[in-house]
Amino acid sequence: MAILNILTEGDETLRKTSRKVEIINSRIHTLLDDMRETLIESGGVGLAAPQVGVLRRVVLVDNGEEILELINPEILETSGIQEDREGCLSCPNKWGIVKRPMKVKLRALDRFGKSQIYTATGLTARCFCHECDHLDGTLFLDKVERMLTPEELED
């Protein structure tokens, strides 16, 4: 396993649309393993493959109990609204207020190619949306309602 370099705002790769994973093989397993190690090292709660320079529809989300490996994730349903602080490993030291759904139902393949349904609320629902946005070249900065000042971050 390896710690991967996380691309930052301004890198064109972050603005591209990722391709669907057609075959889950050892290359995808290595990507998942390396992304896991990178996510843990970064201290973040989510990581999408484009953030490490790989234009494939693969994301990881730490729900506080486990790190979910989501291949070809697709949001099926959303409900409610939450408005909270959001940041991104690809946008260091930037935080803003973003509206997201409170509840998200998502379908994705696991590392074995089995289709799974995940339902999440709160931070994990926010992460599902944030990481899926990365797969379509969207950064949280595109959705931010208001950037936060350093003073507001201390609160």
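Read-outs throughout are calculated quantities, based only on the coordinates presented, and are distinct from any laboratory measurement. A quick note: this is a predicted structure, and the numbers were derived from the prediction, not measured. So basically every Cβ, Gly included, is an ideal-geometry build from the backbone, and we count neighbours across all protein chains shown.
Note on the chain: with charges restricted to the Cβ of Lys and Arg (+1) and Asp and Glu (-1), its dipole about the Cα centre is near 740 debye.
Of the residues Cys91, Cys129, the one with the fewest other Cβ atoms within 10 Å heads the list, and the complete ranking is Cys91, Cys129. In angstrom, the C-alpha Rg and Dmax of region 1-108 are 14.1, 39.
Taking other C-beta atoms within 10 Å as the exposure proxy, Lys94, Lys20, Lys99 rank Lys20, Lys99, Lys94 from fewest upward. Going 7 Å from the Cα of Arg85 along its beta-carbon direction, which residues of region 113-149 have the amide nitrogen within less than 11 Å of the resulting point? Counting backbone N atoms under 11 Å from the label point, the list is 148-149.
Which percent of the Cα-Cα distances in region 58-155 go past 16 Å? Provide the component values of the computation, followed by the final result.
Working: 2722 of 4753 pairs.
Of all Cα-Cα distances in region 58-155, 57 percent exceed 16 Å.
For the chain, the longest principal axis of the Cα atoms and the long axis of helix 122-135 meet at an angle of about 70 degrees.
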